[in-house]
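Structure record follows, encoded as structure tokens.
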Amino acid sequence: MSSEDKPTGASSTPAAANHPIGSHGTGPAIAGNKPVVNPLSKPKITQALNGTGNALKTSAHQNSANGGQNGNGSNGYRVLKPDGYVGIDSLPEQFVSRIVRDGFGFNIMCLGQTGVGKSTLLDSLFNMKFPDVSTRSHNLSAVDVTAHNYDLQERNIKLKLGLIESKGFGDQINKADSYKSVVEYIDQQFERYLQEELKIHRNQSPVNDTRVHVCLYLISPVGHGLRAIDLVTMRELAAKCNLVPVIAKSDTITKAELDKLRVKIMSEIVTNGINIYHFPTDDNDVADLNGKNNALLPFALVASHEFVRVGSKQMRARQYPWGTVQVENENHCDFVRLRDMILRINMEDLRETTHSRHYELYRRVRLEQMGFGTVAGGDSTKNASFQETYEQRRAAHLTELQRKEE
């Protein structure tokens, strides 16, 4: 193959390869600039590829012998290796340092009927006693949703934690609208984030994020499965946030009853088309663990404010005349599994799923309602720019003003 038949960018000159990055020579462009391909040479490249291809194989062999310094990467970019240390391998450390400095935000909603153990569960999850805010009220005409924010720090990691609880859920005579207050609160946080996103000067720090990242729906162990209010509420919440159903106070029923109740609840969830949150299995590092815990949903929980000495340690437990139920004993309940799944393993996935799935769905609907996304005439197949939408709405506003003047 002649010199003019060689594919452009297949190899570089030895002189160019010897220039280290940062030198003042006229070496080849650093990775990031695609090699320029002459359109006139395309038939020759095709002919070379369809033929014996010896020249290409020889060039690839020479490139491999040179450590990939003179060749092209699999994505078409020229790959270069500096002769000495530059420092680009510290980029992940820089990213982690910035994230740690800014801190994290995480919001948990705990929903269930009065007295099912919402506050106790939250205290047990974070191994601390939050300020006592009583949620036991049977006199409310509607469900009240309250949020409290706390700044937590474990080692050098700062977390702005938001705890959202409900008051009076399921206490009304007419329970048909019990879920509406909860759904409205979730939509309000989405709207707040959207309005901040549309501002010229935005402040969307993770610590200022008030969107609900996970909802723990506490199911009463008393009964034969889910009630009508549970089915209606869970169906609405599953479309708005990451819903994780759990069985509260599971120590009040026997193990055989618990197994039957777990199967019954999951059967009703599947039958009614409720898309609860499943722990992701696309990451090989945690796929097996998340898969096993998905099979245990809904988790059977026990929480307590009391501490009992077990050996040389003080453990959260509930004491009964017949014995002691340890909160952190996996043979007694699934509390440790829930804590690991929510906080230790899948917290970032919960945050990402909230943003990429639930918020994006809300954002798309709201922007369409605001007039963005379609051109005049309602043709949904053509996307309108912000400028087109602005001109359209400005013209409509001027027409309305002129009509009022007349």
Subset of the stretch 308-336 [farther than 25 Å from residue 296 by Cβ, in a strand (DSSP E or B) and open to solvent by 60 Å² or more (accessible area, probe 1.4 Å)]
309, 313, 314, 319
Criterion first (closer than 20 Å to residue 346 by Cβ, out of contact with any Leu (no Cβ under 7 Å at 6 or more places or on another chain), surrounded by 19 or more Cβ atoms within 10 Å (Cβ to Cβ) and of a type in the set (S, T, N, Q)) does residue 107 satisfy it?
yes
Which condition number in (1) surrounded by 19 or more Cβ atoms within 10 Å (Cβ to Cβ); (2) at positive phi; (3) not aromatic (Phe, Trp, Tyr) is the one that residue 155 fails?
(1)
Failed condition for residue 237, given (1) surrounded by fewer than 22 Cβ atoms within 10 Å (Cβ to Cβ); (2) among the aliphatic types (A, V, I, L, M); (3) at pLDDT 95 or above:
(1)
Residue 117 vs (1) without any contact (Cβ under 8 Å) to a residue 40 or more places away in the chain; (2) open to solvent by less than 90 Å² (accessible area, probe 1.4 Å): all pass except (1)
Is it the case, given these coordinates, that residue 95 is part of a strand (DSSP E or B) and either over 20 Å from residue 337 (Cα atoms) or among the aromatic types (Phe, Trp, Tyr) (or both)?
no
Per-region count, the stretch 248-279, residues under 18 Å from residue 335 (Cα atoms) and in a loop (DSSP other than H, G, I, E, B)
7
Please determine whether any residue of the stretch 195-216 is over 18 Å from the mean Cα position of the chain (by Cα), surrounded by 18 or more Cβ atoms within 10 Å (Cβ to Cβ) and in contact (Cβ under 8 Å) with a residue 12 or more places away in the chain.
no
What's the number of the only condition in (1) within 28 Å of residue 295 (Cα to Cα); (2) open to solvent by less than 40 Å² (accessible area, probe 1.4 Å); (3) among the β-branched types (Val, Ile, Thr) that residue 222 fails to meet?
(2)
Within the stretch 123-133, residues being open to solvent by less than 20 Å² (accessible area, probe 1.4 Å) and touching an Asp or Glu at 6+ places or on another chain (Cβ under 8 Å) number 1
Among residues of the stretch 291-305, those that are outside any helix (DSSP H, G or I) and surrounded by 13 or more Cβ atoms within 10 Å (Cβ to Cβ), counted:
9
Give the stretch 260-281 a look and list any residue that's exposed (fewer than 12 other Cβ atoms within 10 Å of the Cβ) and over 17 Å from residue 242 (Cα atoms), or say none.
263, 271
Yes or no: the stretch 246-253 includes at least one residue that is touching a residue at least 12 places away in the same chain (Cβ under 8 Å), open to solvent by less than 50 Å² (accessible area, probe 1.4 Å) and within 23 Å of residue 355 (Cβ to Cβ).
no
Selection count, the stretch 158-182, where residues are open to solvent by less than 20 Å² (accessible area, probe 1.4 Å) and either among the hydrophobic types (A, V, I, L, M, F, W, C) or under 25 Å from residue 125 (Cα atoms) (or both):
9
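The values are calculated or read from the model by the stated rules, or taken from the named source; none is laboratory data. Computed from a prediction, not measured in an experiment: that's the story for all the values here. Using ideal geometry, Cβ is built from the backbone for each residue, glycine included, and neighbour counts are taken over all protein chains shown. What goes into the accessible areas is simple: the full protein's heavy atoms, side chains included, and nothing from ligands, DNA or RNA. Shrake-Rupley method; radii C 1.70, N 1.55, O 1.52, S 1.80 Å.
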